[in-house]
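As structure tokens, the structure follows; a few thoughts come after it.
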Amino acid sequence: MSKIHEGINCDVCGVQNFPGIRYACLSCHDYDLCESCQQRGAFSKTHAPYHPLQPVATQYDFVQKFQHSATKEFQIYRCPHCGQDGFGLSALLTHLKAVHPECKNRVRCPVCVTFRIGRYGSDLLDWSLAFHIENGHMGFNTDVEHTFKTLQYAATSYSRGNPSWSIDADGAVRHLTVLATLI
């Protein structure tokens, strides 16, 4: 389990592979802050300070926080349209449909950002976030959150192996392989 955000650079101070909380802008393309810069209120000229930031824990910190949780759905997502925080996946979808039904703003998906899934972990969506979540994260015609929960397990399991998954052009997970030796 990683205690750093591998492959991520802070867009203000330039620190690479940093520990702590990563703050990913949900309105800007591939914009991330380290915890120190976010706490200081620092931001670059390419980012507006009122944009919602998705807090993202390192894999290690995520496991430490949730390993003994009885929660069936982690309430860790922020709405990129209004900044409201503390949503689980189903609640975020309900919120988007109720509060932002016509919103066409191009944003980053907080789920893709948190688990670094597909191109929408850094790119802005080409369609509504509600459509993306419903069809990319929840549209599997089985248990509504089966694939997403499997990804959460892969991202938080105590393993020496790395999960791998294939993603279609729309960023939806289509195949997941977890080959791990539990430690």
Worksheet entry | L33 vs. criteria touching a His at 6+ places or on another chain (Cβ under 9 Å), touching a residue at least 40 places away in the same chain (Cβ under 8 Å) and surrounded by 20 or more Cβ atoms within 10 Å (Cβ to Cβ) | no
Discussion item. It is to be established whether one or more residues within the stretch 62-74 are polar (S, T, N, Q), at pLDDT 90 or above, more than 18 Å from V113 (Cα to Cα) and under 19 Å from the mean Cα position of the chain (by Cα).
Written reply: no
Fill in: Filtered residue count, the stretch 85-119, keeping only those that are under 15 Å from the mean Cα position of the chain (by Cα) and within 20 Å of A48 (Cβ to Cβ)
6
Discussion item. For the condition out of contact with any Cys (no Cβ under 6 Å at 6 or more places or on another chain), in contact (Cβ under 8 Å) with a residue 12 or more places away in the chain and among the charged types (D, E, K, R), what is the one hit in D85, D123?
Written reply: D123
Worksheet entry | Residue list for the stretch 26-69, restricted to those being among the acidic types (D, E) and not in a strand (DSSP E or B) | D30, E35, D61
Worksheet item: So which of G14, G20 ends up being surrounded by 14 or more Cβ atoms within 10 Å (Cβ to Cβ), in a loop (DSSP other than H, G, I, E, B) and small (G, A, S)?
Response: G20
Response to the item:
T46: passes all of (1) farther than 22 Å from H137 by Cα; (2) of a type in the set (V, I, T); (3) surrounded by 14 or more Cβ atoms within 10 Å (Cβ to Cβ) but (3)
Item to complete: Give the stretch 2-11 a look and list any residue that's loosely packed, with under 15 Cβ neighbours inside 10 Å and acidic (D, E), or say none.
Response: E6
Discussion item. When the residues of the stretch 1-51 are narrowed to those that are of a type in the set (G, A, S) and within 16 Å of F115 (Cα to Cα), which ends up modelled with the lowest pLDDT?
Written reply: S2
Worksheet, complete the sentence: By residue number, the members of the stretch 56-99 that are closer than 24 Å to D30 by Cα and surrounded by fewer than 16 Cβ atoms within 10 Å (Cβ to Cβ) are Y60, Q75, C82, G83, Q84, D85, G86
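The values are calculated or read from the model by the stated rules, or taken from the named source; none is laboratory data. Predicted model, so just to flag it, every value in this text is computed and none were measured. Here Cβ is always computed from backbone atoms with ideal geometry, including for glycine, and neighbour counts include all displayed protein chains.
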